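Below is one structure, written out as structure tokens, with a few remarks after it.
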Amino acid sequence: QLPIKISPSILSADFARLGDEVRAIDEGGAEWVHVDVMDGHFVPNISIGPMIVEAIRPVTKKILDVHLMIAPADPYLEAFAKAGSDIITVHAEAGPHLDRSLQAIKSMGKKAGVSLNPSTPVSVIENVIDRLDLILIMSVNPGFGGQSFIPQALEKIMQAKALIGDRPIDLEVDGGVTADNAEEIARAGANALVAGSAIYKGNDPATYAPRINDIRRA
Ligand code: DX5
Ligand code: ZN
């Protein structure tokens, strides 16, 4: 298992104070910053685009972990790369040419991830595993923060872990992660935990560091 990373999702941040919200989780000890990009087509919500990635890039030196919930993704990969993303994750369900998308991300010098919706089997990534830097298992149906963890995701984390073997691929989980379920998620094999509402709920920066620590300790 690679080192544990906590990746707070800025989807639950106060967007009127976004720079401060990013700074606060950076200073609060988060390793990564999770950026949820939604297009109102692949998922039933619209969130942020490359301009926001560019705007927060100078605010933190932490890894920008950009989760694209958009279809098609390919026409926008370059914009997200240029905006300063470190990891670019596309959904396996977002188009017929996952291998092409991953090659494009790698050719831009970025780390490449694939995300799987709850209904998508781990087997769809078997043939691209050697192109991957990250696998993102969705533990909610993507589109909104604050949903409950789908327990079936634990089995998929174990399957993904087995597929990864000893490759240096981060195994990330996204949706409904809290200090209460972080232990079983990590035991199943995940090393990167996304948490939106569990960290940003209430939007009081003084609470972020203790909440990040609670998840890490679990
Ligand atoms: C879901 C997003 C998640 C979400 C997580 O569509 O991909 O990153 O913001 O939020 P919580 O942790 O509140 O489930
Ligand atoms: Zn996400």
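A short reminder: the numbers here are calculations on the coordinates, not readings from a lab. A quick note: this is a predicted structure, and the numbers were derived from the prediction, not measured. Neighbour counts are summed over all protein chains in view; Cβ atoms, including those assigned to glycine, are modelled from backbone coordinates with ideal geometry.
Structure notes:
- Residues of type aspartates and glutamates that LYS161 reaches as a straight line, Cα spacing below 17 Å, ignoring anything fewer than 8 places off in the same chain: GLU126, ASP130, ASP133, ASP170, GLU172, ASP174, GLU183, GLU184
- GNM result for the chain, Cα springs below 10 Å: residue of ASP166, ASP65, ASP14 fluctuating most strongly: ASP166
- Low-density loop cleavage sites - trypsin sites (Lys or Arg not before Pro) in the range 1-104, where at most 10 other Cβ are within 10 Å (DSSP): LYS61
- Dividing the helix sum by the residues of the chain, where each DSSP H run of 4 or more adds -39500 (n - 2.57), gives a mean residue ellipticity at 222 nm of -8000 deg cm²/dmol.
- Packing-based exposure ordering (other Cβ within 10 Å, fewest first) of ILE215, ILE48: ILE48, ILE215
- Maximal additional length on extending the GLU54-LEU2 stretch stands at 15.9 nm, based on 0.36 nm per residue less the C-alpha distance.
- Spin-label model, ALA71 to ASP130: label points 7 Å out along the Cα-to-beta-carbon direction sit 2.9 nm apart.
- Per residue, the convex hull around the alpha carbon atoms of the chain comes to 106 Å³.
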